[in-house]
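Data first, discussion second: the structure below is written as structure tokens.
Here, each number is a calculation from the coordinates, and none is a lab measurement. Note that the coordinates shown come from a computational prediction; the quantities given were computed from them, not determined experimentally. Here the Cβ positions follow ideal geometry from the backbone for every residue, glycine too, while neighbour counts run over all protein chains shown.
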Amino acid sequence: MKLDLNERSDFASSWLNELQLNVDSLWQYPLREPIEQLIADNYNQQWSLQLTADNIFCSNGGDESIYILMRLIKEQSKIILPLPAFSQYTQGIESWQLDSIQIPPKDDLSIDLDALKNAIQETPNSIAVVTSPNNPTGELLDLTVIESLLTLAQSNGSWIFLDEAYIEFSDQPSALELLKRFDNLVLLRTLSKAYGLAGIRFGYLIGSTRLISQFKQRAMPFNVPALSLQIASATFQTKVQDDVTLFIERIKANRSELTGWFKNIGLSPLTSQANFLLVPMSEQLCQLATTALAQQGIQVRQFNDQYLKNCIRITIPYYLNRLVDGLQKVFAPELLCFDMDGVLINTSESYDQAIIKTVYQFTQKTVTLSDILNKRRSGGFNNDWVLSHALINERSKQSIALDSVIEYFQSVYLGNENTPGLISNEKIMVASELNNQLEALPIAKAIVTGRPRFEAEIGLKQLSKTSSVWNDFKLISTDDVQQCKPSPEGILNLKERFNVSRSWMIGDTPDDMQAAINSNSIAIGIGLENADKLRSSGASLVLEDINQLTALLPTAAANNKR
């Protein structure tokens, strides 16, 4: 499900199935002039304008028009660009090395209109590029605002390039009416969005002959393919316009529904008049959403831009169910599963030291923490008895029985009446803020650990001393399943017990991540030093430590309180 480029994401328009293309003249170079006249006639009829083909320039997608615009600015002028802006404009400024004034947005990412007006007023013979509805925010500028910008620009020899790629999705008409009074306006339109024809690469400009002629002079000859011209011409038919109108109404309704959905989970999508939503969120939640949705086959847009790096942009589909189901899985888990060791409890001075002592007992060789971590991260060694046994066999010339390894391991880990075991060195890693958030979260919670039940209960008892929330956790140990992680058995048993379908698994090993993936859970890794292996094993997000989970839980709490 491709929701990252603001295309028509679900299906092609039905009218295309009935379209018959003429291939008899493909041996000739295509002429765009007939459709330029068709566009002019169409707007003359709708808007009582007096356009001719000289007022229209058809281009190879809107991108060709933008490319020519950059060339014009390089040759003649300075560009004024309010941010955030469509990447073709910001990249164009950089690649063409244009003389530019880029205006930072307000804190809410809206265009700073006062700064924009000042820049136009103070920069004669400039070109201000404005997109309405704006990409990537969806912000719509009122026609009175656009008129005021045109008036300012007109007073000092400047002009406005107004990108209306998304205007069909707005509740406001196009700025075409302003062409009757202003000759310093060029409008960009496209068939890529509302018409669902991104593949034919067709856009066009409307403006005064003085400005449009500059684009035509710099265009490649025969710049729009013949078949694209034929398809574009068909869009002016009544049945096509009716189809597009129905599509737009559905997208607008879905936009409203999706906006409400995000608000219900405590997020604040920007008000949009386009076919997408921009949703600010924490950096961790942004990464989780982008990756976890992609793992479900849903592509959304994440940004590196300084103003947008903590936002995702989602194209509004015609059919919402699959998207909402995917979002629910990410933002509204019904079950949280935690690994214990290395996630909730620091075992570097207990289990890890027990491994070191056990390996030395049978081999007279010392293994390092690095040796242990590398083996654990390789997968299949979620059980420290098995891990110890593997390290011993790698260093011993004779085969050592697993039972013997387990017996010695337990003796140093648990200790006895006279000698305290290494278990006494364990430290709880969960801070009070996370405990409080977990307590406020009205969903099922569990620990799925590689510990035997006796030791797992000791760990859970230690956790319960920090907060009573841990008393509500269900416990799955190695004694409760036939197959340990990476098998999904433990998580699947919990999902069945609680009768839920949406779950997260938080752990620090590839086995944890594979158990999550195999149980259709969101996999969240702990430990940046092992991030690559965790991601390659299926982690949607890797956190430095468990307490960073606080950035992810508020939306889950809000959604499950609805």
Q) So if R0 is 25 Å, what FRET efficiency would Tyr29 and Asp54 give, r being the distance between their Cβ atoms, rounded to the nearest 0.05? A) 0.75
Q: Could you state the angle between the C-alpha long axis of helix 238-264 and the longest principal axis of the C-alpha atoms of the chain, as a value from 0 to 90 degrees rounded to the nearest 10?
A: 40 degrees
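Pull out the extension gain between Asp472 and Asn393, defined as 0.36 nm times the separation in residues minus the alpha carbon to alpha carbon distance; nm, one decimal.
Details: separation 79, 0.36 × 79 = 28.44 nm, distance 4.04 nm.
Once the chain is fully extended between Asp472 and Asn393, it gains 24.4 nm.
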**Q.** Out-of-range pairs (alpha-carbon distance over 19 Å; input Lys252/Lys309; Lys74/Lys117; Lys329/Lys485; Lys427/Lys465; Lys329/Lys495)
**A.** Lys252/Lys309; Lys74/Lys117; Lys329/Lys485
Q: For the chain, build the charge dipole from Cβ charges (+1 Lys, Arg; -1 Asp, Glu) around the Cα centre, then report which of Leu38, Gly342, Ser208 sits farthest towards its positive end.
A: Leu38
(Q) In the chain, if the dipole is taken from +1 on Lys/Arg beta carbons and -1 on Asp/Glu beta carbons about the Cα centre, which of Leu391, Asn321, Asn118 is farthest to the positive end? (A) Leu391
Q) So for Met281, Met505, Met220, Met513, fewest C-beta neighbours within 10 Å to most, what's the order? A) Met220, Met281, Met513, Met505
**Q.** Dipole magnitude of the range 9-237 about its Cα centre (Cβ charges: Lys, Arg +1; Asp, Glu -1), debye to nearest 20
**A.** 620 debye
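Taking R0 as 41 Å, what's the FRET efficiency between Glu94 and Leu143 from their Cβ-Cβ distance, rounded to 0.05? Intermediate results must be reported in sequence, preceding the final value.
On the way: r = 31 Å, r/R0 = 0.76.
That gives a FRET efficiency of 0.85.
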**Q.** Gain on full stretching of the segment that runs from Ala115 to Ser424 - 0.36 nm per residue minus C-alpha separation
**A.** 105.0 nm
Q: Run the quick spin-label model on Asn520 and Ser536: label points 7 Å from Cα toward the beta carbon, then report their separation in nm to one decimal.
A: 2.9 nm
Q) In deg cm²/dmol, rounded to 500, what helix-only [θ] at 222 nm does the chain give when every DSSP H run of at least 4 residues adds -39500 (n - 2.57) and the total is split over its residues? A) -13000 deg cm²/dmol
Q) Modelled label-to-label distance, Ser404 and Ser348, 7 Å Cα→beta-carbon offset: nm? A) 3.2 nm
Q) Roughly what % of DSSP beta bridges within the chain run antiparallel, to the nearest 5? A) 35 percent
Q: Mind checking which aspartates and glutamates have their Cα closer than 12 Å to the Cα of Lys533? Skip sequence neighbours fewer than 8 apart in that chain.
A: Asp508, Asp511, Asp512
Q) Quick one, which of (i) 27.1, 97; (ii) 25.5, 83; (iii) 30.8, 100 is the actual Rg and Dmax of the Cα atoms in Å calculated for this model? A) (iii)
**Q.** Efficiency of FRET from Cβ geometry, Glu529 and Gln482, R₀ 25 Å, rounded to 0.05
**A.** 0.20
Q. How far is helix 87-96 tilted, in degrees, relative to the longest principal axis of the Cα atoms in the chain, given as a value from 0 to 90 rounded to the nearest 10?
A. 80 degrees
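Could you work out the relative contact order of the chain? I mean the mean sequence separation of Cα pairs under 8 Å and 6+ apart, divided by the number of residues, in percent.
The value is 14 percent.
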(Q) Taking the number of other C-beta atoms within 10 Å as the exposure measure, put Asp63, Asp99 in order starting with the fewest. (A) Asp99, Asp63
(Q) Rounded to the nearest 20 debye, what is the charge dipole size of the range 348-425 about its Cα centre when +1 sits on each Lys and Arg Cβ and -1 on each Asp and Glu Cβ? (A) 340 debye
**Q.** Simple spin-label estimate for Gln328 and Ser208 in nanometres, 7 Å along Cα-Cβ
**A.** 5.6 nm
Q: For the range 47-59, just list the computed ³J(HN,Hα) in residue order, Karplus coefficients 6.51, -1.76 and 1.60, θ = phi - 60°, integers in Hz, with x standing in for Gly and Pro.
A: 10, 6, 8, 10, 8, 10, 4, 6, 8, 10, 10, 8, 10
Q) Once Lys and Arg get +1 and Asp and Glu get -1 on their Cβ, which of Val430, Pro225, Gln462 lies farthest toward the positive end of the dipole of the chain? A) Pro225
Q) Nearest 20 debye, what's the magnitude of the dipole of the chain about its Cα centre given +1 on Lys and Arg Cβ and -1 on Asp and Glu Cβ? A) 360 debye
(Q) If neighbour count is taken as other Cβ atoms inside 10 Å, put Ile127, Ile400 in order from fewest to most. (A) Ile400, Ile127
Q) Relative to the first principal axis of the alpha-carbon coordinates of the chain, what is the inclination of helix 489-498, with its axis defined by its Cα atoms, in degrees from 0 to 90 and to the nearest 10? A) 70 degrees
